[in-house]
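Reviewing the structure listed below.
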Amino acid sequence: GGLMSVILLCVLSLVLAGSGSGLHGRNASVSHEYCVLGAGPAGLQMGYFLSRSQRDYIILERNAGPGSFFQIYPRHRKLISINKIYTGRRNKEFNLRHDWNSLLSDRPTLLFQRISRELYPNADDFPRYLSTFVKELGLKVKYGADIGRIKASDFNGNQGYILTDQNGVSYQCSVLLVSTGLWVPQQVDFLGSDLVEGYESIPTDPEEFKDQAVLILGKGNSAFETAQSILGRASRIHLYSPSPVRLAWQTHYVGDLRAVNNELLDTYQLKSLDGLVEGRLEDIAIVRREKDGGKRRTAKKRSQTSTEGKEQLYLTLTELLDQNGNNISKVTGQNLPGFHTDNFSLRQPYDRVIRCLGFRFNFSVFDGSARPPQSSGARGRLPGITAWYEGRGTPNMFVLGTAAHSRDYRMSAGGFVHGFRYTVRAVHKILEQRYHNIGWPATKLPISQLQSWILRRVNEASGPYQMFGVLGDIILLRGSYCEYLEEFPLQALPQLSTLSGRPLTDHGLLVLVMQYGLNRTDTLGPGRAESEWTKAWRSNFLHPVLYYYNTLPTEKDMRQRPVGWPLPRPEAVHHMVEDFLTEWDQPISHSQPLRRFLEHCLQTDLRAFYAESCFLLSLTSRTPPLFCRQGYLRKQGIMGNSHLWQHAREAGLMADHHGHITPGDDTSVSEYLKHADAAVVSTMNFDL
């Protein structure tokens, strides 16, 4: 009997295995609670969180391995994401501030630095890292599943999604997580645009551009990367686009032109034949000097021919062609409007015109019922999503990664790995609350420890630091204690209770945000930084800001917030002065102003006291300070000694005499003993 049971189990296993492997048959169907579309960095990051919370998920990838975008791009193979290995610190959370390639996991060694030690790594290293990530964490990825159609469907009254691949296999998903990135080249239609080569297909050997005049359409990193690679071979390079070049070191936006790609700025400003020109792409026409009896050649054929004898391309303006009544198909280099003989900037002909205009989201696989709208910003290249990253009009479909950058386009780092690894983590917390009733993780703190917790976060937390102005820490005040929620999407603050599962009380809330100043200054000029803590609100560089609200801001408040502000106007706001070392740990400039702000909001004395001070205050006051009530009266506290007293006096925290301690004497108490060896609440060691 036992043998028969084993045989039956084996047969059943074979049948089940056969049905699983037979999914390539027509009309096969599988069902998962979560479907993640795309095995790039965002898809794998979400896969990690779904795996850790033991959810039913599958990651679908059309290619044979993860991160296939990076197998091709950037074309010249140098990443511009910082891989800074040596920071002088051992704190892993702090080090992620300067590691722009690693994904989040509970494996301390599963970092990108295991693959590459270069500050700007080779692009081939990134798919290798992602493969390691998948393998070591055992993520469920199905490769070779090319989803060609996504349609909405009703699952028990809730909108779900059915995905169909190239083999006719259907994947039924209660929740769809779209992480396909941006990979469709952005194009602009103008007269002669068929003569233009694309960034995605140009040769990468500089020798192919030898002694050629090149016009590049675009002024982003791909345009400058292309120009930089041929700088020593091309005869002249001109970059043309509507906007002036935006420099990342001026805008603080990592998607703008980075110094690693900007050598052409030197050759432009030092007048060495290269240059930048502004103009609308829709207004131009590319025409060519006819040769070979008027026979047209496509850009593809031109790239395969030698440079000798190849037709040359002219840039002109469409309106000038129309005014002269010329038919574009008959225009040649010889009969262009006469302005080419005068001082028009781009009057000389080009051997090549290259399009480097970036990428757009692939909307084509979505049926009408499942298609998110185009974003209002970013020229409609991205899907429109809510503040919690759900597609507008597509419930239970969330957009992750670079495709979700419409929320902070040109404002923060949500379009880049070092930013969206944190927004993915935030979306996962929202999924846990909505579909599994698991509230947003919160740390319960006595109010007396809040200042120390805030200081720890601003000095080491990577999420708010990378996603400045977008993700912030929420502190729900509960009287004598508070609940600390990390990295909540700030634009979703009006929906805080619903999304987090954490109710508010009438004590109000604090929001901690990292942000740059609103004053546009010369980023390398004199007076660019503010060092006086009394003028912290004038800080220009990244610094912590605390907002205090009595009640939760509404949707209307959010829409009507001041220009440039991440949040509506609060009851009280506190800027911690920018710091050259980004170390907000000094007693006078950082800790003491923060304490006084918290005391103002909480209407509570938050000073820290030595044990003997608490003893005296307990004897002389009906309500000793909170620190004494929550510490000393519970048999906690630290005895003062001559070394500690001396340090407090040298730091300017106490008067330089052994005066008698009274409850109202603010200058005669130890406020923040950073260098004390004993473990008092306000002592921090950020390298632990």
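Read-outs: derived from the displayed coordinates by stated rules, not from any lab. All figures in this text were calculated on a predicted structure; none of them were measured in a lab. Ideal geometry is used to build each Cβ from the backbone, glycine not excepted, and the neighbour counts take in all protein chains shown.
Some notes on this structure:
- P(r) for segment 495-553, from all Cα pairs and a bin width of 5 Å, is 4, 15, 19, 18, 11, 10, 10, 7, 4, 1 %, short bins first.
- The simple Förster model, with R0 at 35 Å and r as the Cβ-Cβ distance, assigns Arg410 and Lys92 a FRET efficiency of 0.70.
- A Förster radius of 45 Å, combined with the Cβ-Cβ distance separating Glu263 from Lys151, puts the computed FRET efficiency at roughly 0.40.
- For segment 172-277, trypsin sites (Lys or Arg not before Pro) are listed when DSSP marks them as loop and at most 11 other Cβ atoms sit within 10 Å of their Cβ; the list is Lys271.
- For segment 402-440, trypsin sites (Lys or Arg not before Pro) meeting the loop criterion (DSSP other than H, G, I, E, B) and having at most 13 other Cβ atoms within 10 Å: Arg410.
- Using a Förster distance of 60 Å, the FRET efficiency for Gln172-Ser618 (Cβ separation, nearest 0.05): 0.35
- For segment 199-261, GluC sites (Glu not before Pro) meeting the loop criterion (DSSP other than H, G, I, E, B) and having at most 15 other Cβ atoms within 10 Å: Glu200.
- Centroid-to-centroid, using Cα positions, segment 581-626 and segment 521-563 are 25 Å apart.
- Modelled label reach - Lys140, point 7 Å along Cα→Cβ, segment 51-69 residues with backbone N closer than 16 Å: 51-61
- Isotropically averaged projected area of segment 439-602, using the convex hull of Cα atoms (one quarter of hull area), nm²: 9.2 nm²
- Report note on the peptides 523-533, 112-122, 592-602: ranked by the mean count of other C-beta atoms within 10 Å, highest first, their order is 592-602, 112-122, 523-533.
- Spatial separation of Cα centroids for segment 93-107 and segment 339-391, in angstrom: 31 Å
- Rough spin-label spacing in nm, given labels placed 7 Å along Cα→Cβ, for Phe541 and Thr498: 4.1 nm
- Distance between segment 192-221 and segment 232-278 - C-alpha centres, whole angstrom: 15 Å
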